[in-house]
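Here the structure comes first, spelled out in structure tokens, and everything after it is commentary.
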Amino acid sequence: MADVKIGAYICKGCGIGDRLDTKQLAQVATRDAKAHVVREHDFLCNADGVKMIQNDIDSEGVNRVAICACSRRAKTEAFRFEGVAMTRANLREGVIWVRPATDEAQETTQEMADDYIRMAVTETKFMTLPQGSEKATYNRHILVVGGGISGMTAAVEAAKTGYPVILIEKTGTLGGSAGKAWRRIPQKAPYANPEDTGVAALIKAIEGNSQIKVHLNSTLTKTSGAPGRFAVDITTESGSTTTENVGAIIQASGYTEYDASKLTEFSYGKAKNVVTQAELDAMAKAANGAPLKNKDGKEIKSVAFVQCAGQRSTKEGHLNYCSGHCCLDSVKQAMYFKDANPAIDTNIIYTDLRTPGAGGEDFYRSGQNKGVTFTKGQVNEVTTDGTVKFKDLILNEDTEEKADLVVLATGMVPNSGVDIEVVKQDEPGQWKSNNESVLNLDYRQGKDIPLLKQGFNDSHFICFPYETRRTGIYTCGPVRRPMDMEQAMEDATGAALKAIQAVENAGQGRAAHPRSGDLSFPSFRREGCTQCKRCTVECPFGAIDEDEQRFPVFNEARCRRCGTCMGACPVRVISFENYSVDTVGQQLKNIDIPDEFSEKPRILVLACENDAYPALDMAAMRKIEYSAFARVIPVRCLGSVNTIWLTDALNSGYDGVVLMGCQKGDNYQCHFVKGSEMAHYRMSKVNDTLTTLNLETERVATYEVAITDIERAPQLINDMAATVEKVGMSPFKF
Amino acid sequence: MSANTAVVERYRNSFLKEVEANVEEGQWVKMCMQCGVCSGSCPLGPAWDHPPQEIFMMIRAGKRDEVLTSSSMWMCTSCYNCIVRCPRELPITHIMHGLANYAHRLGIAPKNQPTRKFAKLFWDNLSKKGRVNELKLGIALYFMNGLVSGIKTALKMAPLGINMVKTKRMSPMEYFGGHGIKDTKGLHAILKKAREIEAAKMQKF
Ligand code: SF4
Ligand code: SF4
Ligand code: SF4
């Protein structure tokens with residue numbers, strides 16, 4: 001490794017030079033922090049300033065750069081230097097914008113800036129330039145699991161972009177649920193009539209595409225490896241297995257219609273004229289345009305549609321969500337009758353009519369125009385002779401209607417494989433495939449993608465809907481959330497693009513979302529590892545396996561670089577080249593801690609770089625002030641916070657510690673899904689540490705902070721300042 | 001059909017079709033999306049037995065007798081609040097009048113509904129001579145609710161009447177015959193013809 005040569009560059013622009021003594025900052029950088037090259041500049045981000053830094057890199061051999069200017073979130077275009085490890089001291093958003101420009105405040109404001117210089121230079125000392133993984137593999141093949149409308153669309157879209165596709169389908173035909181339907185909800189203006197499903201055309205496109213290889217009657221019996229180098233076993237019904245290598249995987253395993261026989265109150269299975277939506281579509285497809293007849297051969301003259309049958313209900317065994325497609329599908333099906341013969345009566349009984357999509361409302365209107373009756377009502381019972389008993393919610397009365405055919409709009413149950421919380425992974429060396437599983441991953445954490453609520457595969461719902469908790473594996477269609485065909489096709493197109501991105505990133509050893517492009521990855525010191533498995537268990541992305549001796553095996557292509565493993569490791573042997581227990585730990589140890597009687601406490605703030613840190617930056621833009629005693633360090637994810645940082649901070653005399661992560665739980669906003677949750681769990685045990693040190697437990701506070709908490713985030717810091725004032729200074733200042 | 005609609009006829013298109021055929025703007029009824037904005041906007045809404053939203057649902061539920069014998073649509077004052085606000089742009093006011101008119105023609109509109117009574121007085125008065133005889137209409141209106149209340153109202157209004165006569169705004173002679181348009185016969189023929197045309201248009205249900 002080349003000698004460490006640190007350059008610290010102090011900007012005087014944006015008011016920094018007016019508010020702070022930059023000469024002193026330069027001195028701190030040189031004398032205290034021991035930077036090798038220290039320069040001030042009037043406008044560091046302008047062409048001249050950038051050139052000055054580049055010159056030092058090129059001719060002075062500077063290989064660590066500390067930009068002491070604005071926040072790391074500003075001017076990222078200007079401050080981009082190849083081949084050096086870099087950090088920022090946030091003098092603008094972190095100091096002058098959050099402090100009043102008064103004489104009394106001057107001393108503490110300058111001290112704040114001095115510390116940020118010490119921290120930045122120290123951090124660079126412990127950083128190395130990420131080199132990227134040697135294991136990075138480039139494989140352009142994309143595996144699509146499921147030959148329904150989502151899977152087929154994904155396959156066609158990926159192939160169109162020039163990426164070869166392997167498509168596997170469990171049954172003997174392509175088409176899936178959509179293939180069994182007669183028509184689909186219209187996707188084009190004027191959104192007035194049911195449309196051809198488009199399935200036949202998709203099948204044709206796939207059959208005529210040499211880039212797409214189809215395996216029918218096949219399932220995945222094993223998936224191992226990582227993005228760029230997945231090895232998948234494809235097994236046919238007859239038991240023969242082929243192994244293929246692929247770069248990324250799209251899971252489009254679709255849904256199964258809710259089992260209507262559970263709906264005994266609707267006489268399903270008992271009455272011949274009670275069918276599900278899917279069954280009616282199958283009947284229509286079989287009739288191929290001829291008038292629809294009941295099972296007993298009688299012509300159908302009246303139809304009642306029961307919406308939300310066993311859905312949006314908290315009753316035992318029911319689905320408590322909305323499947324999203326059923327209202328418009330009932331409109332579509334009512335039109336099967338109305339278009340053929342306007343004299344047929346059709347009544348859609350709904351509690352809330354939901355018409356998603358651009359054309360949804362138009363299609364509803366078209367149904368009304370054609371004379372479909374829409375009744376706001378709650379169906380309580382369907383008798384065996386087809387009498388629908390319901391409460392008319394507009395007329396507020398119990399009533400009933402006799403219909404020749406009753407159609408139940410039952411919901412979608414995702415084919416999401418096994419619940420890995422319930423079906424634990426086999427021990428290393430004893431791995432077996434599981435028939436219930438879709439992916440049959442050999443990952444240590446389990447065979448399928450983790451589930452969120454209601455059994456749908458977890459994908460980052462609020463921010464990055466395609467990103468599952470298994471890197472390089474994207475879910476699309478109703479396995480991810482309930483949706484109709486149009487949404488599924490759009491979803492599949494997006495997933496295909498994400499898969500392509502994953503292939504390209506994996507080929508270069510770059511991280512996928514949200515630290516896209518990051519070349520760093522965690523490595524561990526085997527000699528120090530106690531095989532405690534914390535990292536394997538806590539990694540939100542299942543990136544870590546175990547070898548036969550129970551040592552962790554890191555798969556960097558699966559890793560999202562959150563650092564949760566680093567935070568979890570009790571013996572601190574996990575680190576990244578540019579982010580480690582030291583890069584943060586040394587920063588917090590290298591600030592100036594005034595003595596107990598100075599009335600200058602120190603508060604350590606560890607803030608998630610995705611939400612809390614930007615919130616603080618935005619607070620600064622609004623000139624919302626916070627305590628001059630705070631020292632804020634951004635972390636990749638609160639999950640990466642190792643408790644040693646807290647212990648170190650408390651031992652070195654910090655008076656309070658504030659931790660800011662994202663919302664956790666089912667409605668998580670954490671970029672790394674489980675990171676914040678893991679951190680909160682870890683911190684719940686920190687009280688013991690405090691008690692051992694004989695410190696008040698209020699000195700450490702952990703919060704969920706959203707990016708919009710612009711006023712709250714600084715307030716939390718001020719709250720801690722108030723707490724410290726109340727409980728007094730820490731006795732640990734030496 | 002009994003007021004208690006037979007189960008077989010409920011939630012069928014039958015009554016809706018009748019309304020579409022015979023009621024002014026009736027073809028709009030099926031487009032109502034049951035948002036309730038009309039009922040919430042009607043200044044007299046709380047006084048109606050069935051506000052417009054409900055009337056539309058009753059039509060769709062097949063409640064023919066209940067709708068046509070209802071006094072509700074007679075309550076409409078043509079303020080147009082509902083029309084202006086209906087997100088589905090239903091001409092609600094017109095439909096209310098259309099329904100009232102249809103019920104009247106079928107002879108099943110509520111007999112003592114005051115709006116209906118006055119409308120009838122007005123029309124009978126007007127169609128006789130082609131001009132409204134204000135004196136007769138006024139007096140008929142006073143006596144609409146019976147002799148005693150008629151005399152009371154007439155006495156109360158007498159000073160106003162006398163003043164009007166004094167200022168030549170009204171002639172008491174109008175009570176005896178009164179004047180009309182030139183060709184009353186022609187008018188009656190026109191009205192007769194119009195009735196024939198309308199009756200022919202009316203579909204049987
Ligand atoms: S915990 Fe985060 S950083 Fe560690 S291996 Fe998993 S994804 Fe990578
Ligand atoms: S957490 Fe640390 S000690 Fe435990 S298994 Fe992982 S690397 Fe080893
Ligand atoms: S406002 Fe219009 S759409 Fe809404 S209930 Fe009244 S008539 Fe129907």
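Hey, any hits in the stretch A:553-565 for a residue that's within 13 Å of ligand 1 (Cβ to nearest atom), of a type outside the set (A, V, I, L, M, F, W, C) and in contact with a strand residue (DSSP E or B) (Cβ under 7 Å, 6 or more places away or on another chain)? The answer is yes, given that some residue of the stretch A:553-565 is within 13 Å of ligand 1 (Cβ to nearest atom), of a type outside the set (A, V, I, L, M, F, W, C) and in contact with a strand residue (DSSP E or B) (Cβ under 7 Å, 6 or more places away or on another chain). Identify the residue in the stretch A:539-550 that is modelled with pLDDT of 95 or more and within 11 Å of ligand 2 (Cβ to nearest atom) and, among all such residues, is farthest from the other protein chains (Cβ to nearest Cβ). This residue is A:544.
Could you list all residues from the stretch A:468-484 that are of a type in the set (Lys, Arg) and away from ligand 1 (no atom under 16 Å from the Cβ)?
Of the residues in the stretch A:468-484, the ones of a type in the set (Lys, Arg) are A:469-470, A:480-481.
If the condition is that a residue be of a type in the set (Lys, Arg) and away from ligand 1 (no atom under 16 Å from the Cβ), then A:480, A:481 are the ones that fit.
When residues in the stretch A:167-176 are screened for being buried (at least 22 other Cβ atoms within 10 Å of the Cβ) and either out of contact with any helix residue (DSSP H, G or I) (no Cβ under 7 Å at 6 or more places or on another chain) or within 23 Å of residue A:369 (Cβ to Cβ) (or both), 2 of them pass.
Answer yes if at least one residue in the stretch A:620-630 is within 15 Å of residue A:733 (Cβ to Cβ), at pLDDT 95 or above, away from ligand 1 (no atom under 16 Å from the Cβ) and not β-branched (Val, Ile, Thr), and no otherwise. Yes, the stretch A:620-630 has at least one match. Only residues that are out of contact with any Lys or Arg (no Cβ under 9 Å at 6 or more places or on another chain) and either surrounded by fewer than 23 Cβ atoms within 10 Å (Cβ to Cβ) or among the β-branched types (Val, Ile, Thr) (or both) were counted in the stretch A:87-99, giving 0. Cβ-Cβ distance below 7 Å, separation of 6 or more or different chains: which pairs start in the stretch A:378-393 with a residue that is of a type in the set (Val, Ile, Thr) and end on one that is outside any strand (DSSP E or B) and surrounded by 16 or more Cβ atoms within 10 Å (Cβ to Cβ)? Close Cβ pairs (under 7 Å, with a partner that is outside any strand (DSSP E or B) and surrounded by 16 or more Cβ atoms within 10 Å (Cβ to Cβ)) amount to A:382/A:266; A:382/A:267; A:383/A:267; A:384/A:267; A:388/A:403. Restricting the search to helices (runs of 4 or more DSSP H) fully inside the stretch B:1-119 and requiring at least 1 residues that are more than 14 Å from every other protein chain (Cβ to nearest Cβ) gives B:14-22, B:37-41, B:64-68, B:81-85, B:92-106. Within the stretch A:398-427, the set of residues being more than 9 Å from chain B (Cβ to nearest Cβ), surrounded by fewer than 20 Cβ atoms within 10 Å (Cβ to Cβ) and out of contact with any Leu (no Cβ under 9 Å at 6 or more places or on another chain) comprises A:398, A:404, A:422, A:423, A:424, A:426, A:427. Hey, among the residues in the stretch A:559-577 that are among the small types (Gly, Ala, Ser) and more than 6 Å from ligand 2 (Cβ to nearest atom), which one's surrounded by the fewest Cβ atoms within 10 Å (Cβ to Cβ)? Step by step, filter the stretch A:559-577, then rank; the result is A:575. Exactly one residue among A:350, A:268, A:364 is more than 14 Å from chain B (Cβ to nearest Cβ) and either aliphatic (A, V, I, L, M) or touching a helix residue (DSSP H, G or I) at 6+ places or on another chain (Cβ under 8 Å) (or both), and that residue is A:268.
Counting only residues that are surrounded by 20 or more Cβ atoms within 10 Å (Cβ to Cβ) and not in a helix (DSSP H, G or I), the stretch A:646-694 holds 17 of them. Would you mind stating whether residue A:556 is outside any loop (DSSP other than H, G, I, E, B) and of a type in the set (D, E, K, R)? No, not satisfied. Has the stretch A:372-384 got at least one residue that is in a loop (DSSP other than H, G, I, E, B), surrounded by fewer than 18 Cβ atoms within 10 Å (Cβ to Cβ) and away from chain B (no Cβ under 11 Å)? For the stretch A:372-384, residues in a loop (DSSP other than H, G, I, E, B), surrounded by fewer than 18 Cβ atoms within 10 Å (Cβ to Cβ) and away from chain B (no Cβ under 11 Å): present. Criterion first (farther than 17 Å from residue A:18 by Cα and touching a strand residue (DSSP E or B) at 6+ places or on another chain (Cβ under 7 Å)) does residue A:123 satisfy it? In short, yes.
Considering the stretch A:258-273 alone, what residues qualify as being closer than 21 Å to residue A:331 by Cβ and modelled with pLDDT under 95?
Of everything in the stretch A:258-273, just one residue is closer than 21 Å to residue A:331 by Cβ and modelled with pLDDT under 95, namely A:273.
If you go through the stretch A:530-552 and pick out every residue that is more than 15 Å from residue A:573 (Cα to Cα) and more than 9 Å from ligand 1 (Cβ to nearest atom), you end up with 7.
Only one of the numbered conditions (1) assigned by TED's automatic domain parsing to the domain that holds residue B:154; (2) outside any loop (DSSP other than H, G, I, E, B); (3) surrounded by fewer than 16 Cβ atoms within 10 Å (Cβ to Cβ); (4) free of Cβ contacts under 8 Å to residues at least 60 places away in the same chain is violated by residue B:127, and that is (4).
Filtering the stretch A:223-240 to residues that are within 17 Å of residue A:167 (Cβ to Cβ) and part of a strand (DSSP E or B) leaves A:223, A:230, A:232, A:233, A:234, A:235, A:236. None of A:634, A:594, A:614 is farther than 18 Å from residue A:698 by Cα and touching a strand residue (DSSP E or B) at 6+ places or on another chain (Cβ under 7 Å) except A:634.
Residues that are part of a loop (DSSP other than H, G, I, E, B), surrounded by fewer than 21 Cβ atoms within 10 Å (Cβ to Cβ) and hydrophobic (A, V, I, L, M, F, W, C) within the stretch A:183-202 comprise A:189, A:192, listed in sequence order. Of the residues in the stretch A:511-519, none is within 14 Å of ligand 2 (Cβ to nearest atom) and either crowded, with 20+ Cβ neighbours inside 10 Å or in a loop (DSSP other than H, G, I, E, B) (or both). Would you confirm whether any residue within the stretch A:620-636 is away from ligand 2 (no atom under 16 Å from the Cβ), more than 14 Å from chain B (Cβ to nearest Cβ), crowded, with 22+ Cβ neighbours inside 10 Å and assigned to a helix (DSSP H, G or I)? Yes, there is a match, as at least one residue in the stretch A:620-636 is away from ligand 2 (no atom under 16 Å from the Cβ), more than 14 Å from chain B (Cβ to nearest Cβ), crowded, with 22+ Cβ neighbours inside 10 Å and assigned to a helix (DSSP H, G or I). Can you confirm whether the stretch A:151-158 contains a residue that is touching a Lys or Arg at 6+ places or on another chain (Cβ under 8 Å) and either at pLDDT 95 or above or surrounded by 22 or more Cβ atoms within 10 Å (Cβ to Cβ) (or both)? So far as the stretch A:151-158 goes, no, none of its residues is touching a Lys or Arg at 6+ places or on another chain (Cβ under 8 Å) and either at pLDDT 95 or above or surrounded by 22 or more Cβ atoms within 10 Å (Cβ to Cβ) (or both). In the stretch A:528-539, the residues that are within 16 Å of residue A:446 (Cβ to Cβ) never reach a residue that is small (Gly, Ala, Ser) and more than 10 Å from ligand 1 (Cβ to nearest atom) with C-beta atoms less than 9 angstrom apart, at least six apart or across chains. Taking the criterion of being within 14 Å of chain B (Cβ to nearest Cβ) and without any contact (Cβ under 8 Å) to a residue 40 or more places away in the chain, the only residue of the stretch A:292-337 that qualifies is A:334.
Residues are listed down the side, and each one gets a yes or a no for (1) under 26 Å from residue A:354 (Cα atoms); (2) of a type in the set (Phe, Trp, Tyr):
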site: B:40; (1), (2): yes, no
site: B:45; (1), (2): no, no
site: B:48; (1), (2): no, yes
site: B:62; (1), (2): yes, no
site: B:78; (1), (2): no, no
site: B:90; (1), (2): yes, no
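The values are calculated or read from the model by the stated rules, or taken from the named source; none is laboratory data. Please read all numbers here as calculations on a predicted model, not as lab measurements. Heads up, the Cβs are rebuilt from the backbone with ideal geometry, glycines too, and the neighbour counts pull from every protein chain shown.
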